[in-house]
Amino acid sequence: MDLPIAPLLAALDLISAVSFAATGALVASRKELDILGFVWFAVITGVGGGTTRDLILGQPVFWVEDPTPVIACILTAIVTHFAAHLMEYRYRYILWLDAFGMALVSVVGTLKALDAGAGVTVAIAMGVITANVGGIIRDTLGQEPSVILRREIYVAASMLGAAGCAALASFGAPREAAALAGFGLAFALRIVALWRSWSLPAYRSRPGRHNPPADL
């Protein structure tokens, strides 16, 4: 049985918060907001998914115990406010940073749930929730089309990464190796999907029956 890996999870939480914070700040730059707008987008995007995860698991919220992730998000927002104009193709940077952040928090959420005693199914769900809630909040506030409402492989990528991480950890693999494998799966699938314009088949509405069965 693995020992708790709180230091690793804290470090990954910090890195993932900064990655997502950068995507939030870049959205603020696209909307031409002031520096407080940058800070708001960076913080809410950076810690939104992890906050939801910890609340569902009944765990202390990670940035309340240690405000370092929030401070890092604020610093990321300030740097982006003064440097965003140097990025000629900002949307491309948003996609790459978002893919990195998504893959990272997928395994962070999964490992944190496993470390809290959750089963594999719950752990995978926590990985997906951690990876997607921050981006949903960012897109909603920024009035951007949410990635989960577009025909893109995003949630599926986070689910694959979380499932791979949870499966390896449940079979006794070292947590670090499980995290690395899960991250690689999620990030690779998301990047290849962007490159090849992959998407899952969408539901197509069809005409209903004019005369449904009598027992319906």
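The values are calculated or read from the model by the stated rules, or taken from the named source; none is laboratory data. Predicted, not measured: the structure shown is a model, and the values here were computed from it. Note that each Cβ is placed from the backbone with ideal geometry, even for glycine, and that neighbours are counted across all protein chains shown. Please note that ligands, DNA and RNA were not included when accessible areas were found on the heavy atoms of the full protein model with its side chains. Shrake-Rupley method; radii C 1.70, N 1.55, O 1.52, S 1.80 Å.
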Report whether or not T52 is of a type in the set (S, T, N, Q), open to solvent by 30 Å² or more (accessible area, probe 1.4 Å) and part of a helix (DSSP H, G or I). yes
Consider G127 carefully, then state whether it is touching an Asp or Glu at 6+ places or on another chain (Cβ under 8 Å), under 24 Å from W195 (Cβ atoms), crowded, with 17+ Cβ neighbours inside 10 Å and not β-branched (V, I, T). no
Run down V27, V47 and say which single residue is of a type in the set (V, I, T) and in contact with a Gly (Cβ under 6 Å, 6 or more places away or on another chain). V27
Mind telling me which of the residues A6, A10, A25 ends up being buried (at least 18 other Cβ atoms within 10 Å of the Cβ) and either at pLDDT below 90 or within 20 Å of the chain's Cα centre (by Cα) (or both)? A25
Checking L194 against (1) closer than 16 Å to A113 by Cβ; (2) surrounded by 15 or more Cβ atoms within 10 Å (Cβ to Cβ); (3) modelled with pLDDT under 95; (4) not aromatic (F, W, Y), the condition it does not meet: (1)
Could you tell me whether the range 104-124 includes any residue that is closer than 27 Å to A6 by Cβ, acidic (D, E) and surrounded by fewer than 20 Cβ atoms within 10 Å (Cβ to Cβ)? no
Among (1) surrounded by fewer than 24 Cβ atoms within 10 Å (Cβ to Cβ); (2) in contact with a Lys or Arg (Cβ under 8 Å, 6 or more places away or on another chain); (3) among the β-branched types (V, I, T) - the single one T45 does not satisfy: (1)
Count, please, the residues in the range 58-79 that happen to be hydrophobic (A, V, I, L, M, F, W, C) and open to solvent by less than 40 Å² (accessible area, probe 1.4 Å). 6
Residue that is modelled with the highest pLDDT, among those in the range 80-101 that are more than 20 Å from the chain's Cα centre (by Cα) and surrounded by fewer than 14 Cβ atoms within 10 Å (Cβ to Cβ): F82
Can you tell me which of V18, V47, V39 is assigned to a helix (DSSP H, G or I) and either free of Cβ contacts under 8 Å to residues at least 40 places away in the same chain or of a type in the set (D, E, K, R) (or both)? V39
